């Protein structure tokens, strides 16, 4: 019997690889390079201080709020830096030497990265919408690029790697579980790990934006009968505390920061509750001539610059109320509304968005203090509780009630002192912004100033205890 003629068998085709698809590999590379480039730029903004984690209003908004907010870091590492490292690794994964070395494992890693990217986009989109309530176009671009490549990769993975064979072919299991585990580490780190610092303490005297008198003249509140009181020329200023002799100190903090320059007991001038001076005596106040929360004779009187339409200022207001409940009459706060609106604040930086209704609420607040100072504190808290955007009709209706009628309120609003006080506050705030633009700002004592809000009332109270030696 003749032997059967054998034919050489063709070698089996190489195993399918997602990254072997040129168009898919190019798509992943383009998206990774673009997203990595944006992440690199955002990281530079963080490292150079152009974007910080100070919680406050008056910044550039958008990306500044998002990248400086509560969810902007993982274990104090900026999320933009994590994104940059991730996309560098993704580009390396698509290169020929790495694909040749990993084989089928490269596909599994690519699919796992796609799952992690998809879930991360969902996580941060929820954070932006529900928590930060802000929009950053650069963050949105990174998310969009991530969606494009991750959805495409997972579609191809599903198409060419059926669920029944995906684990056997890759030898590494389910990429959905692997990717989800990575995102779980991210979420837990952000939720349970250390949080970014949210306020800044400075101990230096800013240079004035424009020449300004060291002492400003105030007007005492009108008598109960409503007759305007005469202008009072204050005496020579007396510093609230001794000015620190050390060089300028700038300390970012999210917890209480010890201040050795703060005395254990305030000088007699502060206990008298009349004369206060800050910033080496260049900023002068009289506690009985300006709106104040608490006793004008409190041993420790702070000065707050805020806006009724600023959400961070509202947080500060709640925290200060809680701190006063803990510390009692030992502290008080002079409150100076500083509207973030160019209608009455022409010095507002160009990148700051106008806050609707800010000027109107500031005028109404000062009018109530002028006409009915005994009702001011309740009215102040009422304005802080109004829903945003500002409801000026509701604010005016309450002011009419507190002042005793429309005519009385209109008379108070016509007082030139109100516009003068707002102009003075705006000028002071512009000077203080040389160190940090965010609002609220709280002058504590001497040259020490707090920018932004603490993470909680507990943190603020602890900070005040240490600053005042209480």
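The values are calculated or read from the model by the stated rules, or taken from the named source; none is laboratory data. Note that the coordinates shown come from a computational prediction; the quantities given were computed from them, not determined experimentally. A quick note on method: Cβ atoms are made from the backbone with ideal geometry, for glycine too, and the neighbour counts reach across all protein chains shown.
Here 307, 329, 315 are screened, and the one residue that is surrounded by 20 or more Cβ atoms within 10 Å (Cβ to Cβ), in the same structural domain as residue 453 (by TED's automatic domain parsing) and farther than 27 Å from residue 404 by Cα is 315. Wholly within the range 335-415, which helices (runs of 4 or more DSSP H) include no fewer than the required count, namely at least 3 residues that are assigned by TED's automatic domain parsing to the domain that holds residue 287 and touching a residue at least 60 places away in the same chain (Cβ under 8 Å)? Answer list for the range 335-415: 358-371, 376-385. Kindly evaluate residue 64 against the criterion of being closer than 20 Å to residue 453 by Cα and assigned to a helix (DSSP H, G or I). When the stated conditions are applied, residue 64 passes them. Out of the residues in the range 98-149 that are assigned to a loop (DSSP other than H, G, I, E, B) and surrounded by fewer than 16 Cβ atoms within 10 Å (Cβ to Cβ), which is nearest to the chain's Cα centre (by Cα)? That would be 133. Within the range 317-365, being touching a helix residue (DSSP H, G or I) at 6+ places or on another chain (Cβ under 7 Å) and more than 30 Å from residue 462 (Cα to Cα) holds for 341, 343, 344, 345, 347, 357, 360, 361, 363, 364. There is no residue in the range 418-439 that is over 30 Å from residue 351 (Cβ atoms) and in a helix (DSSP H, G or I).
Listed residues 97, 137; which is without any contact (Cβ under 8 Å) to a residue 60 or more places away in the chain and under 21 Å from residue 33 (Cα atoms)? Step through it out loud before you land on a result.
Working: 137 fails: without any contact (Cβ under 8 Å) to a residue 60 or more places away in the chain.
That would be 97, the only listed residue that is without any contact (Cβ under 8 Å) to a residue 60 or more places away in the chain and under 21 Å from residue 33 (Cα atoms).
So that you can scan it fast, the table gives a plain yes or no per residue for (1) at pLDDT 95 or above; (2) closer than 20 Å to residue 427 by Cβ:
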site: 333; (1), (2): yes, no
site: 336; (1), (2): yes, yes
site: 354; (1), (2): no, yes
site: 357; (1), (2): no, no
site: 389; (1), (2): no, no
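Is it the case that residue 305 is assigned to a strand (DSSP E or B) and modelled with pLDDT under 95? No, not satisfied. Residues that are surrounded by fewer than 24 Cβ atoms within 10 Å (Cβ to Cβ) and either more than 26 Å from the chain's Cα centre (by Cα) or not assigned by TED's automatic domain parsing to the domain that holds residue 389 (or both) within the range 295-304 comprise 295, 296, 297, 298, 299, listed in sequence order.
Here the range 262-283 is the region considered, the condition is being in contact with a strand residue (DSSP E or B) (Cβ under 6 Å, 6 or more places away or on another chain) and modelled with pLDDT of 90 or more, and the residue that is surrounded by the fewest Cβ atoms within 10 Å (Cβ to Cβ) is 277.
Report yes if some residue within the range 33-48 is at pLDDT below 85, in contact with a strand residue (DSSP E or B) (Cβ under 7 Å, 6 or more places away or on another chain) and either under 23 Å from residue 114 (Cα atoms) or surrounded by 15 or more Cβ atoms within 10 Å (Cβ to Cβ) (or both); otherwise report no. I'd like the intermediate steps shown before the answer.
First, the residues of the range 33-48 that are at pLDDT below 85: 46-48.
Retained after the next criterion (residues that are in contact with a strand residue (DSSP E or B) (Cβ under 7 Å, 6 or more places away or on another chain)): 46.
Applying the additional criterion that residues be either under 23 Å from residue 114 (Cα atoms) or surrounded by 15 or more Cβ atoms within 10 Å (Cβ to Cβ) (or both) yields 46.
Looking for residues that are at pLDDT below 85, in contact with a strand residue (DSSP E or B) (Cβ under 7 Å, 6 or more places away or on another chain) and either under 23 Å from residue 114 (Cα atoms) or surrounded by 15 or more Cβ atoms within 10 Å (Cβ to Cβ) (or both), one finds at least one in the range 33-48, hence yes.
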